[in-house]
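Enquirer: Here you go, one structure.
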Amino acid sequence: MFKPRPKQREVLAYRQGYLGVAAVPGSGKTTTLSYLAARLLTETDLEEGQEILIVTLVNSAVSNFARQINEYVKSQGLLPGFGYRVRTLHGLANDIVRQKPTLAGLDEAFLIVDERESNEILAAAIESWMGRSPEAPDDWLAPKYRDNAHYRFYRWGQTLTDTARDFIRRAKDDLLSPEELMQRQTDQADRGGELGLARICAEIYADYERALRYRGAVDFQDLICLALRVLQSDPAYLESLRRKYRYILEDEAQDSSLLQERILCLLAGDEGNWLRVGDPNQAIFETFTTADPKYLRAFIASDKVVGRELPNSGRSTRSIQKLANQLIAWSLKHPHGAIRERIPLSQPFIQPTPAGDPQPNPPDDPAGVVLYPEAYSATKEATIVTESCKRWLESNPDQTAAILVARNTRGSEIVKFLREKRVPYVENLNTTTSTRAVVGSLAFILEYLADPKDAKKLAKVYQVTRRDEQDDAQAAAAIERVTRGLGRISAVEEYVAPRLSDWLEDSLSADEHAELYAQLTQFRERVGAWLRAAELPVDQLILTVSGDVFRDVGDIATAHMVALYLARLGETHPQMRLPDFAAELRDIAANRRRFTGLGDDEGQFDPDAHKGKVTVTTLHKAKGLEWDRVYLISVNNYDFPSAEPNDSFIGEKWYIRDDLNLSAEALAQLEALQSGEAYHEGFASLDARVEYAAERLRLLYVGITRARKALTITWNTGRGDATEATPLLALRTFWEGEMRKRESHEPAR
């Protein structure tokens, strides 16, 4: 049974009006909100047809809320499942629009395209626009890449897709149609201020919208916009919803966008009941959405809102809490003024649970917090962390552990080390090891088929064909010897398609090495068949190759999904050739790209279901989770920049001129179209660095607060030039001082 803390009881006393709650990590905000909903159900007089509306961020939280509410309602002898509704914002918007589709300008049988189909439609729009504008890359690519077909088509197409997606998302959030934007473009051009990047994105936006209308469909962002339009255009309908939703309880409000806030504000009305709870310090999705924690902060600070805090957390030891609080304190005095003005982190500080709490903090152990000062290489860091994790799991088989990474690619690298050291692990990354292995194998083969005279690529293909034998040490050694031999062939065609000279006959005796000779003969025949099949459409080529390489049913299924994926990619990007398809698969195999539909579990992850194993996951996926021991790695100035001159930024592609962040520049041009103010190239890219640095501070805070009992933080030099992240240096200096003070107060032995 839930026994609320004093601060939780303050929230549970809520009965009317506007209430804003700032909750720290591990404060039990979701449990408190569920319990409040159940109390309101049982202790207030809901009229017939009235409901409590709970709005949360993701689908997995919907079932979690419903389960917790039902448990309490049943304990009171009442029938569960009545009097409340749990929705994501998109689910709520769908409810609203479905009731009044004509007000939204839609047919009653309108369709909703999911993220995958939306991406396909956008890819087709990009492809169409690129076909009409073949010279466009010249304006944006760095000079050294302008004559390179790979960068003019594949890389430029990737960047343009990301830029247009961000532009369209923001335009829809600002309720701007393509037609309105084109008119604004015309007006801007008449004033002598053409905004080229905004025009590109507006034209792609127009193509994207035409494709949606042709399908009679809307995307997820449209649902939000149309729901707002319906509410604004039908006062009677809005009033009926206000009567229906007696209370509105919003979870994860730090990730609200302005449109979400406007919709819920309309539904609540000036005299309504609206409670918002969240942690602005855990707003880590702003790079991917139009959300901003400033909306929740402003709401809590409003005169019409009662502010409350949930500062007590029983998740972590006092030492880990102290480190997290120091990061907040340091950020409030951040050395970079522009970052400090963004308020990346704010109070309340995390407080331990009060005496007698049913969920007390773990016993404090300052030695459990370790911040490594050493400048390790990426390999050395992975080795140290892997070995430490192995020792800890062997001593604590009934506990949980995690290695948290900022990027999926680093997670994939760590998994390789864990496998080599035979450390039990579970992945919570974009794709699993088995998926990446299949995709990587196919990538190696496509790379060779695109360059069939390269002996080293041929040697990699040989390794792929013997992939099922690699676990046997003797077989692996033999495979390695043959691989080295194939990699040294001076003229590959003398082996693959011999005419005057046959490398195989010249190198091996069919009598003395009969087994190896037969094996290499069969390999040559396969490669020859694949080279002939390289003229087929890419999906047929993949199916041909996979039939020869894979035996496991799961691997074959994955290969078939790869074939379908590349077929769709080829339809939307007709100019793509084998090197481009290989590059796409290489990105997926390296976990740089999320690959939906390949059998990876997207359900709710439960760390306690994997005791005795280490979880490898990204910091974004770790939000809302906790482990007994946490390793937070790669905390350098690449993954956690502070907008300093030597920092690198993921939004700035090396092949785009002048270090521009095209998404940031496009959004700045969109803002200029609306405000009429002058646009100056480059300033938005610099400002994006500050925004990104602020968000990465919050990401670091999230990582620290995932640990219950022990926390280790390390950093690496990356490719050789990365340095320790500025906030980590500040935390390490602080913690070393704390440990010295502790030592000075310890009694002499």
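The values are calculated or read from the model by the stated rules, or taken from the named source; none is laboratory data. What you see is a predicted model; the values in this text were computed from it and never measured. Every residue, glycine as well, gets a Cβ built from its backbone with ideal geometry; the counts of neighbours run over all protein chains shown. Side chains included, ligands, DNA and RNA excluded: accessible areas come from the protein's heavy atoms. Shrake-Rupley method; radii C 1.70, N 1.55, O 1.52, S 1.80 Å.
Enquirer: If amide H atoms are built 1.01 Å from N in the plane of the peptide, which residues on other chains or at least 5 residues away come under 5 Å of the amide H of Gln351?
Expert: Counting only residues 5 or more places away or on other chains, the set is Asn312, Ser313.
Enquirer: Give a residue-ordered list of calculated ³J(HN,Hα) values for segment 704-711 (Karplus: 6.51 cos²θ - 1.76 cosθ + 1.60, θ = phi - 60°; whole Hz; x for Gly, Pro).
Expert: 4, 7, 7, 8, 8, 10, 9, 9
Enquirer: Starting at the first residue of segment 494-507, write each ³J(HN,Hα) from the Karplus equation 6.51 cos²θ - 1.76 cosθ + 1.60 with θ = phi - 60°, in whole Hz, x for Gly and Pro.
Expert: The phi angles translate into 6, 9, 6, 9, x, 10, 7, 9, 10, 4, 5, 5, 6, 9 Hz.
Enquirer: Follow-up. Which lysines does Lys741 reach when only Cα atoms under 19 Å apart count, and residues fewer than 8 places away in its own chain are ignored?
Expert: Candidates past the 8-residue exclusion: Lys322.
Enquirer: Just to confirm the filter: which GluC sites (Glu not before Pro) across segment 446-526 are DSSP coil and have at most 14 other Cβ within 10 angstrom of their Cβ?
Expert: Values: sites: Glu447, Glu469, Glu480, Glu493, Glu494, Glu505, Glu512, Glu515, Glu525; in loops: Glu512.
Qualifying residues, ordered by number: Glu512.
Enquirer: From the backbone phi of segment 223-228, what are the Karplus-calculated ³J(HN,Hα) couplings (6.51 cos²θ - 1.76 cosθ + 1.60, θ = phi - 60°) in whole Hz, Gly and Pro given as x?
Expert: Using θ = phi - 60°, the values come out as 4, 5, 4, 5, 4, 5 Hz.
Enquirer: Collect residues whose amide H, placed 1.01 Å from N in the peptide plane, falls under 5 Å from the amide H of Leu371; neighbours closer than 5 in sequence don't count.
Expert: It is Ile713, by chain and number.
Enquirer: Now a separate question. Are there GluC sites (Glu not before Pro) in segment 676-749 that DSSP marks as loop and that have at most 11 other Cβ atoms within 10 Å, and which are they? Mind showing how you got there, number by number?
Expert: On the way: sites: Glu677, Glu681, Glu691, Glu695, Glu724, Glu736, Glu738, Glu743; in loops: Glu677, Glu681.
Passing sites in segment 676-749 are Glu677.
Enquirer: Binning every alpha carbon pair distance of segment 297-425 at 10 Å from zero, what are the percents per bin?
Expert: Each 10 Å bin holds this share of Cα pairs: 10, 25, 31, 24, 8, 1.
Enquirer: Then there's this: Rounded to the nearest 0.05, what FRET efficiency do His336 and Ala514 have when you use their Cβ-Cβ distance and R0 = 60 Å? Walk me through the numbers on the way to the answer.
Expert: Working: r = 69 Å, r/R0 = 1.16.
My answer for the efficiency is 0.30.
Enquirer: Using +1 at the Cβ of each Lys and Arg and -1 at the Cβ of each Asp and Glu in the chain, identify which of Ser642, Thr615, Ala236 lies farthest towards the dipole's positive end.
Expert: Towards the positive end, the residue furthest out is Thr615.
Enquirer: When Lys and Arg each count +1 and Asp and Glu each count -1, what net charge do the other residues less than 11 Å away from Leu500, Cβ to Cβ, add up to? Could the numbers behind the result be given before it?
Expert: On the way: positive: Arg499; negative: Glu493, Glu494, Asp502.
Combined, the nearby Lys, Arg, Asp and Glu give -2.
Enquirer: What is the helix-to-structure angle for 662-675, meaning the angle in degrees between its Cα long axis and the longest Cα principal axis of the chain, kept from 0 to 90 and rounded to the nearest 10?
Expert: So the inclination is approximately 40 degrees.
Enquirer: Also, quick follow-up: Cα axis of helix 378-395 to longest principal axis of the chain: angle in degrees, 0 to 90, nearest 10?
Expert: Helix 378-395 and the main axis of the chain meet at about 70 degrees.
Enquirer: Going down the table (Lys74/Lys623; Lys7/Lys613; Lys144/Lys421; Lys144/Lys456), which pairs top 32 Å between alpha carbons? Write down the numbers at each step before the final one.
Expert: Numbers: Lys74/Lys623 30 Å; Lys7/Lys613 35 Å; Lys144/Lys421 43 Å; Lys144/Lys456 27 Å.
Result: Lys7/Lys613; Lys144/Lys421 exceed 32 Å.
Enquirer: I'd like the FRET efficiency for Trp654 and Lys416, computed as 1/(1 + (r/R0)^6) with the beta carbon distance as r and R0 of 22 Å, rounded to 0.05. List each step's numbers first, then the result.
Expert: Details: r = 26 Å, r/R0 = 1.16.
Rounded to the nearest 0.05, the efficiency is 0.30.
Enquirer: So, one more: When the accessible area of the chain is split by element with a 1.4 Å probe, what percent falls to carbon and sulfur? Please list the in-between numbers first.
Expert: Values: 16530 of 33870 Å².
That share works out to 49 percent.
Enquirer: Separate question: Rounded to a whole number, what is D in µm²/s for segment 288-359 from Stokes-Einstein with the Kirkwood radius over alpha-carbon pairs (10 °C, 1.306 mPa s)? Intermediate values should be presented prior to the final figure.
Expert: Details: Rh = 14.4 Å.
It comes out at roughly 110 µm²/s.
Enquirer: Tell me which trypsin sites (Lys or Arg not before Pro) from segment 455-511 have a DSSP coil assignment and no more than 16 other beta carbons within 10 Å of their own. Don't jump to the answer; show the numbers that get you there.
Expert: Details: sites: Lys456, Lys457, Lys460, Arg466, Arg467, Arg481, Arg484, Arg488, Arg499; in loops: Arg466, Arg488, Arg499.
Passing sites in segment 455-511 are Arg488, Arg499.
Enquirer: Taking amide H atoms as placed 1.01 Å from N in the peptide plane, list the residues 5 or more away in sequence, or in a different chain, whose amide H sits under 5 Å from that of Glu250.
Expert: Those qualifying (amide H under 5 Å, at least 5 residues apart or on another chain) are Val55, Leu275, Arg276, Val277.
Enquirer: Per 5 Å bin, what is the whole-percent P(r) computed from every C-alpha pair distance within segment 87-208?
Expert: Going out from 0 Å in 5 Å bins, segment 87-208 shows 2, 9, 16, 18, 18, 14, 10, 6, 4, 2, 0 percent.
Enquirer: Within the P(r) computed for segment 138-225, what percentage of the Cα pairs occupies the region above 23 Å? Show your work: numbers first, answer last.
Expert: Numbers: 1291 of 3828 pairs.
Cα-Cα pairs in segment 138-225 separated by more than 23 Å: 34 percent.
Enquirer: Report the far tail of the P(r) of segment 211-329, meaning the percent of Cα-Cα pairs longer than 26 Å. Present the calculation step by step, with values, prior to reporting the outcome.
Expert: Details: 2527 of 7021 pairs.
Across segment 211-329, Cα pairs with separations above 26 Å total 36 percent.
Enquirer: Dipole of segment 225-317, Cα-centred, from +1 at each Lys and Arg C-beta and -1 at each Asp and Glu C-beta, to the nearest 20 debye?
Expert: Details: 12 positive and 14 negative charges, 44 e Å.
Result for segment 225-317 is approximately 200 debye, rounded to the nearest 20.
Enquirer: With a sphere of radius 15 Å drawn around the Cβ of Ser395, what net charge do the other residues whose Cβ falls strictly inside it have (Lys, Arg +1; Asp, Glu -1)? Please report the intermediate quantities before stating the final value.
Expert: On the way: positive: Lys390, Arg391, Lys611, Lys613, Arg629, Lys709; negative: Asp365, Glu387, Glu394, Asp398, Asp628.
That works out to +1.
Enquirer: Further, regarding this structure: Could you give the length gained by full extension between Lys390 and Leu686, i.e. 0.36 nm per residue of separation minus their alpha carbon distance, to one decimal place? Don't skip to the end; give the middle numbers.
Expert: Numbers: separation 296, 0.36 × 296 = 106.56 nm, distance 4.21 nm.
Stretched fully, the Lys390-Leu686 segment lengthens by 102.3 nm.
Enquirer: Would you kindly state how much longer the chain becomes between Asp234 and Asp95 on full extension, computed as 0.36 nm times their sequence separation minus their alpha carbon distance, in nm to one decimal? Working shown, then result.
Expert: Values: separation 139, 0.36 × 139 = 50.04 nm, distance 1.51 nm.
Value of the extension gain: 48.5 nm.
Enquirer: Just want to confirm a number: the relative contact order over segment 380-469, from Cα pairs under 8 angstrom separated by 6+ residues, in percent. List each step's numbers first, then the result.
Expert: On the way: 43 pairs, mean separation 18.3, N = 90.
Rounded, it is 20 percent for segment 380-469.
Enquirer: Pairs of Cα atoms under 8 Å, at least six residues apart: use those to get the relative contact order of the chain, whole percent.
Expert: Working: 1131 pairs, mean separation 145.6, N = 749.
Contact order relative to length: 19 percent.
Enquirer: Leaving out ligands and nucleic acids, and using a 1.4 Å probe, what accessible area per residue does the chain come to in Å²?
Expert: Values: 33870 Å² over 749 residues.
Counting only protein heavy atoms, the per-residue value for the chain is 45 Å².
Enquirer: Next up: Magnitude of the Cβ-charge dipole of the chain, K/R +1 and D/E -1, about the Cα centre, nearest 20 debye? Walk me through the numbers before you get to the answer.
Expert: Numbers: 95 positive and 111 negative charges, 464 e Å.
Roughly 2220 debye for the chain.
Enquirer: Let me ask something additional. Rounded, prolate or oblate: which one fits segment 83-128, using the alpha carbon gyration tensor with axes a ≥ b ≥ c (rounded when a/c is under 1.5, else prolate when a/b beats b/c, else oblate)?
Expert: Judged from the Cα gyration tensor, segment 83-128 comes out oblate (a/c at least 1.5, b/c at or above a/b).
Enquirer: Here's a follow-up. Over segment 415-534, how many percent of alpha carbon pairs lie in each 5 Å bin up to the one with the longest distance?
Expert: 2, 10, 18, 22, 18, 12, 8, 6, 3, 1, 0
Enquirer: Another question, if that's okay. Per q in 0.11, 0.15 Å⁻¹, report the Debye log10 I(q)/I(0) for segment 602-749, using one uniform scatterer on each alpha carbon and no solvent.
Expert: Results for segment 602-749 at q = 0.11, 0.15 Å⁻¹ read -0.61, -0.93.
Enquirer: Show which aspartates and glutamates lie in cross-link reach of Lys244 when reach means a straight Cα distance below 18 angstrom and same-chain residues fewer than eight apart are skipped.
Expert: The qualifying aspartates and glutamates are Glu43, Asp45, Glu47, Glu48, Glu51, Asp95, Asp234, Asp270, Glu271.
Enquirer: I'm spelling it out carefully: the read-out is semi-axes √(5λ) of the Cα gyration tensor in Å, the candidates are (1) 47, 35, 26; (2) 42, 31, 25; (3) 96, 67, 20, and one was derived from this structure. Which label?
Expert: Structure-derived value, by its label: (1).
Enquirer: Regarding segment 652-721, what's the average projected area of the Cα-atom convex hull, expressed in nm²? All intermediate terms of the calculation are to be shown ahead of the outcome.
Expert: On the way: hull surface 27.8 nm².
Reported value for the Cα convex hull: 7.0 nm².
Enquirer: Still on this structure, please answer the following. Work from the charge dipole of the chain (Cβ charges, +1 for Lys and Arg, -1 for Asp and Glu, about the Cα centre) and give the residue of Tyr701, Ser377, Pro362 farthest towards its positive end.
Expert: Farthest towards the positive pole: Pro362.
Enquirer: On to the next question. Could you tell me the calculated FRET efficiency between Ser507 and Arg532, based on Cβ-Cβ distance and R0 = 30 angstrom, to the nearest 0.05? Can you show the working numbers first?
Expert: On the way: r = 24 Å, r/R0 = 0.81.
Calculated value: 0.80.
Enquirer: Using the basic label-point model (7 angstrom from Cα toward the beta carbon), what is the Ala678 to Glu108 distance in nanometres?
Expert: With each label placed 7 Å out from Cα toward Cβ, I get 5.6 nm.
Enquirer: Would you please classify the overall shape of segment 191-237 from the alpha carbon gyration tensor, given that a ≥ b ≥ c denote the square roots of the eigenvalues, rounded means a/c under 1.5, and beyond that prolate means a/b larger than b/c while oblate covers the rest?
Expert: oblate
Enquirer: Please get the size of the charge dipole for segment 153-261, origin at its Cα centre, with Cβ charges of +1 on Lys and Arg and -1 on Asp and Glu, quoted in debye to the nearest 20.
Expert: On the way: 16 positive and 21 negative charges, 60 e Å.
Here the size comes out at about 280 debye.
Enquirer: Summing -39500 (n - 2.57) over the DSSP H runs of n ≥ 4 in the chain and dividing by its residue number, what mean residue ellipticity at 222 nm do you reach, to the nearest 500 deg cm²/dmol?
Expert: Details: 29 runs with 390 residues, N = 749.
Taken over the chain, the calculation gives -16500 deg cm²/dmol.
Enquirer: Round to a whole angstrom and tell me the spacing of the C-alpha centers of segment 244-290 and segment 362-411.
Expert: If we compute the Cα centre of each part, the gap is 36 Å.
Enquirer: Which whole-number percentage describes the relative contact order of segment 46-140, with Cα contacts under 8 Å and a sequence gap of 6 or more?
Expert: Details: 51 pairs, mean separation 24.3, N = 95.
In percent, rounded to a whole number, it is 26.
Enquirer: Distance in nm between label sites at Ala375 and Ser302, each 7 Å beyond Cα in the beta-carbon direction?
Expert: Calculated label separation equals 5.0 nm.
Enquirer: Count charges around Leu141 for me, please; just the other residues with Cβ under 9 Å from its Cβ, Lys/Arg as +1, Asp/Glu as -1. Could the numbers behind the result be given before it?
Expert: Details: positive: Lys144, Arg146, Arg152, Arg155, Arg657; negative: Asp138, Asp139.
Cβ neighbours under 9 Å give a net charge of +3.
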